[in-house]
Every structure is written in C-alpha cells, then in structure tokens.
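Here's the structure we're looking at; comments come further down.
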Amino acid sequence: MTGAAAFLIRAARLPEDKPAILGFIMGIQRFEKALEADRRIDPDVAEDTYASIIERVAKNNGRILIAEAASGTALGWAVALKDTQEIYVVAEERTLGCIAELYVIDDVRGRGVGRALIAACEDWARGRGLNVMLIGVLARNARAHGVYRGAGFEDYVTLLRKYLR
C-alpha cells in the first residue's frame, strides 16, 4: 500500500481488468475531448483502443499497470512500453521507456496515484536497463504537464499542428 491514500500499483490481470481499462479509456477520451475536438467518444473507441494497446504491449515488451484502492476498486492505469528513437539519437539513449497511457479517475486526482503510476513505470524501465523515459501530454492539459514536470520530466520536443481545411 502507498501512504495514507491506501492504494497499490500492480500489474494488470487480463482479462479480469479489461472492464476497468475500458472505463479508463473512455474517461481519458471524454477528458481530452474537452481539450481537443479530434478525440473520439463513439461507442467503439474503448474497444478499438484496448485492442491497439494490447498489441503494442505485446510487440514492445510493455506492461500495463493498475492503481488499486484497498477496497479493490481500480483507480487508474498506466502503460509502459519499450521504444526506439531515431538513428540521430546517441546509441545509449536510443532505446527508452515510454509511458503510452496514464489515467486516474476524477475522485482521486491530486492524491499521488498518478505519481505512483509514473514511478512504477520508471521502475519497470530501470528493470530493463533503460535509462531514458518519455511521456506525452496535450498542450492544453496544463495539470498533467505540471504533474509530469513534478515527477522530473522536462520538455523535450514540441509538435506543431495546422489544419488544412
């Protein structure tokens, strides 16, 4: 258990955790839809995303982590993957860890669950000999950006977008 919040971080148990994961996917889609109009919230998006994530985890030696309350309620999740940077990155930093998904339910945000999931992803990466970790954030998601910076992440790359409509 972690601190006063009384939660733990564990490896996902599939297919048992699939319903919670589908809920997390819909939660992030709805949250991000308020920030970016391009997010899907149709009935199929959770299953489509779940299938894609399962494939990426298998292909990239990844891990799905679940934050769970003492009561057994799933509070959030993270997906850690092994990834490879472009050839122009120095060899010792080319293979790295990537936090591909991170979501915490509204009721427990700000209580350390996200930070604990990040730390567990970092531990996963260190256990594989990786010394670099990346995480993405929407430009308009200031709260997540702050959490990630607070966890020691620094801005690395900025992608710019222009709609050609």
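The values are calculated or read from the model by the stated rules, or taken from the named source; none is laboratory data. Not measured: the values here are computed from a predicted model. Glycine gets a Cβ as well: all are built from the backbone with ideal geometry, and neighbour counts include every protein chain shown.
Only one residue in A46, A70, A58, A80 is farther than 21 Å from L134 by Cα and free of Cβ contacts under 8 Å to residues at least 60 places away in the same chain. Which one? Don't jump to the end; show me each part of the working.
On the way: A70 fails: free of Cβ contacts under 8 Å to residues at least 60 places away in the same chain; A58 fails: farther than 21 Å from L134 by Cα; A80 fails: farther than 21 Å from L134 by Cα.
When all the criteria are applied, what remains is A46.
Given the criterion surrounded by 11 or more Cβ atoms within 10 Å (Cβ to Cβ), farther than 24 Å from L22 by Cβ and under 15 Å from the mean Cα position of the chain (by Cα), identify the matching residue among G112, G136.
Only one candidate passes the filter, namely G112.
What about K59, is it charged (D, E, K, R), over 30 Å from Y163 (Cβ atoms) and touching a Gly at 6+ places or on another chain (Cβ under 8 Å)? Don't jump to the end; show me each part of the working.
On the way: charged (D, E, K, R): yes; over 30 Å from Y163 (Cβ atoms): yes; touching a Gly at 6+ places or on another chain (Cβ under 8 Å): no.
No, not satisfied.
How many of the residues making up the stretch 80-105 are surrounded by fewer than 13 Cβ atoms within 10 Å (Cβ to Cβ) and of a type in the set (D, E, K, R)?
Our first condition is that a residue be surrounded by fewer than 13 Cβ atoms within 10 Å (Cβ to Cβ); within the stretch 80-105, this holds for 84, 86-88, 90-93.
Now restrict to residues that are of a type in the set (D, E, K, R): 86, 92-93.
Matching residues across the stretch 80-105 total 3.
Regarding I64, is this residue surrounded by 11 or more Cβ atoms within 10 Å (Cβ to Cβ), in contact with a helix residue (DSSP H, G or I) (Cβ under 8 Å, 6 or more places away or on another chain) and part of a strand (DSSP E or B)? Before the answer, list the steps.
Working: surrounded by 11 or more Cβ atoms within 10 Å (Cβ to Cβ): yes; in contact with a helix residue (DSSP H, G or I) (Cβ under 8 Å, 6 or more places away or on another chain): yes; part of a strand (DSSP E or B): yes.
Against the criterion (surrounded by 11 or more Cβ atoms within 10 Å (Cβ to Cβ), in contact with a helix residue (DSSP H, G or I) (Cβ under 8 Å, 6 or more places away or on another chain) and part of a strand (DSSP E or B)), I64 qualifies.
Please work out if V157 is surrounded by fewer than 17 Cβ atoms within 10 Å (Cβ to Cβ), at pLDDT below 95, under 26 Å from E55 (Cβ atoms) and among the aliphatic types (A, V, I, L, M).
For V157, the condition - surrounded by fewer than 17 Cβ atoms within 10 Å (Cβ to Cβ), at pLDDT below 95, under 26 Å from E55 (Cβ atoms) and among the aliphatic types (A, V, I, L, M) - is met.
Of everything in the stretch 69-79, what is surrounded by fewer than 22 Cβ atoms within 10 Å (Cβ to Cβ) and either of a type outside the set (S, T, N, Q) or part of a strand (DSSP E or B) (or both)? Give them in sequence order. Give the steps one after another, and end with the answer.
Kept after step one, since they are surrounded by fewer than 22 Cβ atoms within 10 Å (Cβ to Cβ), are these residues of the stretch 69-79: 69-74.
Of everything in the stretch 69-79, those that are surrounded by fewer than 22 Cβ atoms within 10 Å (Cβ to Cβ) and either of a type outside the set (S, T, N, Q) or part of a strand (DSSP E or B) (or both) turn out to be A69, A70, G72, A74.
Being small (G, A, S) and within 15 Å of the chain's Cα centre (by Cα) is true for just one of A69, A34, A78. Which residue is that?
Working: A69 fails: within 15 Å of the chain's Cα centre (by Cα); A34 fails: within 15 Å of the chain's Cα centre (by Cα).
Just a single option satisfies the conditions, and that option is A78.
Considering the stretch 33-61 alone, what residues qualify as being among the basic types (K, R) and part of a helix (DSSP H, G or I)? Lay out the reasoning, then the answer.
Looking only at the stretch 33-61, we keep the residues that are among the basic types (K, R), and these are 33, 39-40, 56, 59.
Residues satisfying the conditions are K33, R56, K59.
Mind checking whether some residue in the stretch 88-106 is in a helix (DSSP H, G or I) and within 16 Å of the chain's Cα centre (by Cα)? Don't jump to the end; show me each part of the working.
Applying the first criterion (in a helix (DSSP H, G or I)) to the stretch 88-106 yields 91-94, 106.
If we keep only those that are within 16 Å of the chain's Cα centre (by Cα) as well, we get 106.
Looking through the stretch 88-106, at least one residue is in a helix (DSSP H, G or I) and within 16 Å of the chain's Cα centre (by Cα).
Identify, please: which residue in the stretch 1-54 is among the β-branched types (V, I, T) and out of contact with any strand residue (DSSP E or B) (no Cβ under 7 Å at 6 or more places or on another chain) and is, among those, nearest to W77 (Cα to Cα)? Steps first, please.
Kept after step one, since they are among the β-branched types (V, I, T), are these residues of the stretch 1-54: 2, 9, 21, 25, 28, 41, 45, 49, 53-54.
Adding the requirement that they be out of contact with any strand residue (DSSP E or B) (no Cβ under 7 Å at 6 or more places or on another chain) leaves 25, 41, 45, 49, 54.
Values: I25: 9, I41: 19, V45: 17, T49: 14, I54: 14 Å.
Looking at the filtered set, the residue picked out is I25.
Residues to consider are G146, G110, G152, G129; find the one that is more than 23 Å from G62 (Cα to Cα) and part of a loop (DSSP other than H, G, I, E, B).
Exactly one of G146, G110, G152, G129 is more than 23 Å from G62 (Cα to Cα) and part of a loop (DSSP other than H, G, I, E, B), namely G110.
Can you list residue pairs whose Cβ atoms sit under 6 Å apart, with the first residue in the stretch 104-115 being farther than 12 Å from I66 by Cα and touching a residue at least 60 places away in the same chain (Cβ under 8 Å) and the second being part of a loop (DSSP other than H, G, I, E, B) and not β-branched (V, I, T)? Count only pairs 6 or more apart in sequence or on different chains.
R111/A5; G112/A5
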